[in-house]
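The next block holds one structure in the form of structure tokens; read it before the comments.
The values are calculated or read from the model by the stated rules, or taken from the named source; none is laboratory data. Being a predicted model, the structure only gives us computed values, none of them experimental. For accessibility, only protein heavy atoms count, side chains too; no ligands or nucleic acids. Shrake-Rupley method; radii C 1.70, N 1.55, O 1.52, S 1.80 Å.
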Amino acid sequence: MRIVVAFFASTILAVVAYRFLPVYVTPLMIIRMVQQQEFKMSHRWVSINDMSDQMPLAVMASEDQRFMAHHGFDFEAIKAAVKRNREHPEKNHLGASTISQQTAKNVFLWPGRSWLRKGLEAYFTVLIELCWTKERIMEVYLNSIETGPGIYGVEAVSREHFGTSASQLTADQCALIAATLPNPRRFSSANPSRYVLKRQKQIRRQMRNVSFTD
């Protein structure tokens, strides 16, 4: 009982604290450094107000178009993904992870597909949706996402790949960053492949259909 109480108390306190405090280091950053066997971690925390207003639109268009409408889980996307995966098992597995779920995983957990990790992801997703605003979830997400080998967050990738700050990113650059997010260690916004450029164009079109306002 003490262990259970300690778990819930510590996790709730951590989520409440990150409602206000910047997230400078995540488990994924540490795991990647161990995997790379070198100390490479480019990361700069910035307020969402110091990012291009096109950046939230780009990641919503790419990752989670119903971000402002759902409460952590997009059940319509889940149903569509299950149906598609059943009908076309030979194709790449289609996921339906929301920005809230990805934020919970990035900040509090480790990468993987185990049932334990997925269960904890759901738990932390509920917590951050209850304790944080949508703007805060987006702010933490954009600061903690992996955007290249050893690069984390929008500000760091803006400086490393475009020689500018996140506040000065163009809509095309925002879409290009978002296009790499499925696998930023394979896809590069500095040297985009044909596939990434194709995704960039699709995201630019979809950006007209999303809004980062209540």
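For the chain, the share of alpha carbon pairs falling in successive 5 Å distance bins from zero is 1, 7, 14, 19, 21, 18, 12, 6, 2, 1, 0 percent. For K79, the lysines whose Cα comes closer than 23 Å to its Cα, not counting residues fewer than 8 places off in the same chain, are K91, K105, K118.
In terms of overall dimensions, the C-alpha atoms belonging to region 24-64 reach 35, 21, 13 Å along their principal axes, ordered largest to smallest.
So, with a 1.4 angstrom probe, what is the percent of accessible area on the chain that is carbon and sulfur? Roughly 55 percent, rounded to a whole number.
All C-alpha pair distances within region 101-183, sorted into 5 Å bins from zero, spread as 3, 14, 22, 22, 16, 13, 7, 2, 0 percent across the bins. For the chain, the solvent-accessible area of protein heavy atoms averages 56 Å² per residue (probe radius 1.4 Å; ligands and nucleic acids excluded).
Scanning residues 5 or more positions from T147 or on other chains, those with amide H under 5 Å from its amide H are Y152, G153, with H placed 1.01 Å from N in the peptide plane.
How would region 149-214 be classified by its alpha-carbon gyration tensor: rounded, prolate or oblate, with rounded meaning a/c under 1.5 and the a/b versus b/c comparison settling the rest? It is oblate, given that a/c is not under 1.5 and a/b is not larger than b/c.
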